[in-house]
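Here the structure is laid out as structure tokens; the discussion comes afterwards.
The values are calculated or read from the model by the stated rules, or taken from the named source; none is laboratory data. Quantities reported herein were computed from a predicted structural model and do not represent experimental measurements. Cβ atoms come from the backbone with ideal geometry, glycine included; neighbour counts cover every protein chain shown. These accessible areas exclude ligands, DNA and RNA; they are computed on the full protein's heavy atoms, side chains included. Shrake-Rupley method; radii C 1.70, N 1.55, O 1.52, S 1.80 Å.
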Amino acid sequence: MSISQQPKAASNVLQQQLQQAPPSGGLRYPSSKKTIYDRNLNRTRTSELSRASFAYLFIEMISYAQKRAPSVSDLEKRLNASGYPLGLKLLDLLIYREPPRSALRPTRILALLQFVHTTLWKHLFGRPADALELSNNSPAEYMITDNEPLVNAYISIPKEMSQLNCAAYVAGIIEGVCDGAGFVTESVTAHWAEGEDIWPGKTIFLIKFKPEVIEREGILKGGTS
Amino acid sequence: MSYYFAIIGTKDNPLFEHEFGTSKQGGDGIARFRDEARHMNQFIVHSSLDIVEEVQWGSGQMYVRPFPPSQKPPSLHYPPVHAGAVHTQYLKTIDRYHNNHISCYLTAGNVKFLLLLSPDTHPAAYTASSNTQRPSSAALARQTSSSLAANPTAPQTEEAIRLFFTEVYDAWVKNLMNPFYLLNAPVRSPVFRGRVMAAGKKYL
């Protein structure tokens, strides 16, 4: 598309933009010359997002995933995959934002899960999660319980898909955090808690760590390394 | 005094590299590595990754004392790990290779920042320098005695390196916040490079 074919006003604007852009590899800068590197990371620490806009976006995400997923478990996998990169990045951001005295990387499973249970949940939902338990079945499984996940607030599940729990998105975030910290997980899934009348939407996040992680944990506990 | 800075991702892939020289005391900010030795920098830095990985789970302290590679691994020297303790991220000089010291900073996402310090000799002449010789003349000694190169294990050097790493970490987290940046992808932003250069000029 050559410039001479465009109307004169547009071509002036285009030339102005070309002149303003610094010649470094064609990177374009906003007109105020401020890049993301100039923003302070703590600036948005206490800001909140409107629930309605999140719900709107989330509903769209679900229908986008649903179009491509033939089954319920596939849909949950897609939601999980969309939350995963979020977890990786949140890990660094949240640890960066903690006061310097206590800004430490978690190196033990319990410390990591405490971090997820309080700091991550507070950042995402404004309150800590409700329970953190070790599963009875195996030492590699941990459960985080949320009585009323925020993401499910405006989602109604039809009867034929009653297994679907859209908190699979949050499960993806948790998986990202755990994998990023070096505790590789086999899976993090969201399940409905059975038999709860007070909290009908109660969700349990089941976190399964890989055997290497448990082995390492055992070695560290022994005091050698 | 030349520096080679590299960012290594979680799969041991390099994401970013930068060479620069000291801007203090007559240094002009340009790295002076021998041409043959330049590619060695990558090897040296990557070989210290093993040590990082060994220490990252065991270390209970922020700073790791420098040790010659022939000694026992450092984790056995340090205070025992308490159950449930969380460990901090900056490991001091962790390795030495013929007078080149390597320091490491470990981010929360297990991305490693590695800095190789290589002392120059003949700063007056600024000709090709050997990495293993010791400066011999008196003028050299006077000039280099207060520079970072002469005392790579001094607290001022380590403080300077720690501040440098903190600034780069700041730029790194901002880079991560870019929703289009996928983890373990190479960093190509010229703004990021500019930030690293500025931090290098300021502290090293």
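Summary of computed values
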quantity	calculated
Enumeration of residues in the stretch A:106-121 that are touching a strand residue (DSSP E or B) at 6+ places or on another chain (Cβ under 8 Å), within 9 Å of another protein chain (Cβ to nearest Cβ) and under 17 Å from A:SER135 (Cα atoms)	A:GLN114
A:ALA193 being without any contact (Cβ under 8 Å) to a residue 60 or more places away in the chain, of a type in the set (A, V, I, L, M, F, W, C) and open to solvent by less than 30 Å² (accessible area, probe 1.4 Å)	yes
Checklist (1) modelled with pLDDT under 75; (2) touching a helix residue (DSSP H, G or I) at 6+ places or on another chain (Cβ under 9 Å); (3) open to solvent by 60 Å² or more (accessible area, probe 1.4 Å) applied to B:GLN61, failing item	(2)
Which listed residue, of A:ILE214, A:ILE219, A:ILE198, A:ILE204, is over 23 Å from A:GLU60 (Cβ atoms) and in contact with a His (Cβ under 6 Å, 6 or more places away or on another chain)	A:ILE204
Where A:TRP192 falls short, out of the listed (1) within 14 Å of chain B (Cβ to nearest Cβ); (2) on the phi < 0 side of the Ramachandran plot	(1)
Residue ID - modelled with the lowest pLDDT, chosen from residues in the stretch A:196-208 that are more than 18 Å from the chain's Cα centre (by Cα) and open to solvent by less than 70 Å² (accessible area, probe 1.4 Å)	A:GLU196
Options A:LEU14, A:LEU93; residue that is in a helix (DSSP H, G or I), modelled with pLDDT under 70 and not polar (S, T, N, Q)	A:LEU14
Residue satisfying all of: in the stretch A:40-61; in contact with a helix residue (DSSP H, G or I) (Cβ under 7 Å, 6 or more places away or on another chain) and in a helix (DSSP H, G or I); surrounded by the fewest Cβ atoms within 10 Å (Cβ to Cβ) among these	A:MET61
Scan of the stretch B:177-204 for residues that are at the interface with chain A (Cβ under 8 Å from one of its Cβ atoms) and part of a helix (DSSP H, G or I), ordered by number	B:PRO190, B:VAL191, B:PHE192, B:ARG195
The stretch A:34-52 residues that are at the interface with chain B (Cβ under 10 Å from one of its Cβ atoms), paired with ones that are of a type in the set (Lys, Arg) (beta carbon under 6 Å, 6 or more apart)	A:ILE36/B:LYS174; A:TYR37/B:LYS174; A:TYR37/B:ARG195
Considering residues of the stretch A:126-142 that are out of contact with any Lys or Arg (no Cβ under 7 Å at 6 or more places or on another chain) and open to solvent by less than 40 Å² (accessible area, probe 1.4 Å) only, the residue modelled with the highest pLDDT	A:TYR142
Selection count where residues are open to solvent by 30 Å² or more (accessible area, probe 1.4 Å) and touching a helix residue (DSSP H, G or I) at 6+ places or on another chain (Cβ under 8 Å), scope the stretch A:143-156	4
Positions within the stretch B:160-176 being open to solvent by 30 Å² or more (accessible area, probe 1.4 Å) and either more than 8 Å from chain A (Cβ to nearest Cβ) or modelled with pLDDT under 85 (or both), in sequence order	B:ARG162, B:LEU163, B:THR166, B:GLU167
